[in-house]
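Presented below is the structure to which this report refers.
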Amino acid sequence: MHRPLRVGIIGGGIGGLALAASLRQQGSEVRIFERAPAFGEVGAGIQMTPNAVKVMRALGLFDELRSVSFLPQNIIGRNWRSGRVMWRTPLAEDCPRLYGAPFFHVHRADLHRILASQVRDGEATLASPCTGIRQAGRTAMASFADGSEYEADVIVGADGIHSTVRRELFGDEPPRYTGNMCWRAVVPFETQPLDFVSPDSSFWLGPNGHVVTYYVSGGRAVNIVAVLEHKEWVAESWTTPSTREELMAGYAGWHPNLQKLFSNVTETYKWGLFDRDPMPAWTRGRVTLLGDAAHPMLPFLSQGAAMAIEDGFVLARSLAEEATPEVGLARYEARRRPRTSRVQLEARERGKTYHLSSRLAQIKRDVKYFVRSVINPQTTGLGANWVYEYDATAKSLDPQPA
Ligand SMILES: Cc1cc2nc3c(=O)[nH]c(=O)nc-3n(C[C@H](O)[C@H](O)[C@H](O)COP(=O)(O)OP(=O)(O)OC[C@H]3O[C@@H](n4cnc5c(N)ncnc54)[C@H](O)[C@@H]3O)c2cc1C
């Protein structure tokens, strides 16, 4: 009888935890090594699109996810100053029918907690920053800051955009500052509904920036992602504390509903937005990458965590389906790289479309949104129907066209 495959996961973020749950479902032995002294997530919201919800359902986590979610009615594109509706993509009723799962808004901490609840005693080692990777024969080895080592059949770098595992496999190439920064905040409200925040995923498009607002925590709080183009990111860290005043000054002249929402912010951080070009390979021998370590992307299609969750499920599946880890890893890459590369590039492209500053270019864009809305509202605005359709849990899983 074969012994179970031993897989070491570097990084206990959303991607690493989704992989751990998927591997266990396939009968593998899992160890997670997380740099932080405790599992946790930044205070922010996350859009769980139908493609990610399908994986959560296959992991048996749908009901828990639904219990902490907010179900948005539509994605609505709005003019930054007037609030005029530029497009409306129905979600609440259409997503289950068209894509086989709902579209949810959740607090990241809730999503992380649900995934972390699947980790068993002894499977996770916290306060364990990975510092190196080496391989010999049929084993891969991770080494840690305290001098300890862990040997496994396969090691996966799920250690985020500044991945140590990536650097060990492919060299040190820093991520690219995309020319965008953003404020993130979650604003709790005691009384709802609010007349200045509609129950949608609202994309407010303005010159050189956009703002996304949506409810999380079952509707008890509003998440804000406010993006502005900004030439340089000079801060050493990729996130720094900011203030309500700075946020409001960044959006002077924007719609009064946004100003009112911003005026309720008590805590906010500024983030530099970084990404990378799609990589030609993710794997060396028995070590591979997943999530932001493999394909960091702009959040403009709301897909970074969704892609990491899909990666985890497909990687576990590919390893289980193939006779050797090497073939399983090759299958994983062939199934995932074309899709994630396309999402990375289209997320970049959306930034350009959302942030147009010339009035003429804006009019052309808005006419296009309108025409697409008439033909098929699922293809307008974000135009992400091809993202939501994908089902990592489907019986047959062929590579997606690039
Ligand atoms: C403004 C903004 C909005 C977003 N909105 C959405 C959205 O709506 N929907 C969506 O799907 N995505 C969204 N994303 C993207 C999403 O946040 C990321 O793509 C996702 O969190 C990536 O998950 P990950 O597990 O790959 O990496 P991470 O979340 O970065 O996790 C990596 C983990 O590895 C650990 N680690 C790092 N180095 C080491 C080491 N050397 N050793 C051990 N552990 C290590 C870290 O501590 C961390 O726990 C957004 C991103 C931003 C910036």
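The values are calculated or read from the model by the stated rules, or taken from the named source; none is laboratory data. Everything numeric in this text was worked out from a predicted model, so none of it was measured. Quick reminder, even Gly has a Cβ in these numbers, built from the backbone with ideal geometry, and neighbours come from all protein chains shown. Heavy atoms of the whole protein, side chains included, go into the accessibility calculation; ligands, DNA and RNA do not. Shrake-Rupley method; radii C 1.70, N 1.55, O 1.52, S 1.80 Å.
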**Complete:** Looking across the stretch 268-296 at residues that are near the ligand (Cβ under 8 Å from one of its atoms) and either open to solvent by 10 Å² or more (accessible area, probe 1.4 Å) or modelled with pLDDT under 95 (or both), the single one that is farthest from residue 152 (Cα to Cα) is 271
**Message:** Against the conditions (1) surrounded by 23 or more Cβ atoms within 10 Å (Cβ to Cβ); (2) within 30 Å of residue 277 (Cα to Cα), where does residue 139 fall short? Just the number, please.
**Reply:** (1)
**Request:** Determine, yes or no, whether residue 235 is surrounded by fewer than 14 Cβ atoms within 10 Å (Cβ to Cβ) and either modelled with pLDDT under 95 or within 18 Å of residue 298 (Cβ to Cβ) (or both).
**Result:** yes
**Message:** I'd like to know if the stretch 350-373 contains one or more residues that are at pLDDT 95 or above, under 16 Å from residue 392 (Cα atoms), within 16 Å of the ligand (Cβ to nearest atom) and open to solvent by less than 10 Å² (accessible area, probe 1.4 Å).
**Reply:** no
**Prompt:** When both residues are 6+ apart or on different chains and their Cβ atoms are under 8 Å apart, which pairs have a first residue that lies in the stretch 176-200 and is assigned to a loop (DSSP other than H, G, I, E, B), and a second that is within 14 Å of the ligand (Cβ to nearest atom) and open to solvent by 30 Å² or more (accessible area, probe 1.4 Å)?
**Reply:** 199/70
**In the stretch 61-115, residue surrounded by the most Cβ atoms within 10 Å (Cβ to Cβ) [restricted to those that are of a type in the set (Ser, Thr, Tyr) and in contact with a strand residue (DSSP E or B) (Cβ under 8 Å, 6 or more places away or on another chain)]** = 89
**Item:** Filter pass, residue 101 being in a loop (DSSP other than H, G, I, E, B), of a type outside the set (Phe, Trp, Tyr) and farther than 30 Å from residue 254 by Cβ
**Value:** yes
**Subset tally (residues that are open to solvent by 10 Å² or more (accessible area, probe 1.4 Å) and either at pLDDT below 95 or away from the ligand (no atom under 16 Å from the Cβ) (or both)) for the stretch 198-218** = 6
**Request:** May I ask you to say which residue of 334, 308, 323 is under 23 Å from residue 29 (Cα atoms), open to solvent by 20 Å² or more (accessible area, probe 1.4 Å) and of a type in the set (A, V, I, L, M)?
**Result:** 323
**Request:** Look at residue 229 and say whether it is more than 13 Å from the ligand (Cβ to nearest atom), open to solvent by 40 Å² or more (accessible area, probe 1.4 Å) and closer than 30 Å to residue 386 by Cβ.
**Result:** yes
**Asked** For the stretch 116-130, does any single residue satisfy the condition of being within 14 Å of the ligand (Cβ to nearest atom), buried (at least 22 other Cβ atoms within 10 Å of the Cβ) and in a strand (DSSP E or B)?
**Response** yes
**Message:** Of all residues being of a type in the set (Lys, Arg) and assigned to a helix (DSSP H, G or I) in the stretch 10-68, which is nearest to the ligand (Cβ to nearest atom)? Just the residue, please.
**Reply:** 54
**Asked** When you look at residue 299, is it open to solvent by 30 Å² or more (accessible area, probe 1.4 Å), touching a residue at least 40 places away in the same chain (Cβ under 8 Å), touching a helix residue (DSSP H, G or I) at 6+ places or on another chain (Cβ under 8 Å) and near the ligand (Cβ under 8 Å from one of its atoms), yes or no?
**Response** yes
**Request:** Please specify each residue of the stretch 149-174 satisfying the condition of being surrounded by fewer than 17 Cβ atoms within 10 Å (Cβ to Cβ) and out of contact with any Ser or Thr (no Cβ under 8 Å at 6 or more places or on another chain).
**Result:** 162, 170, 171, 172, 173, 174
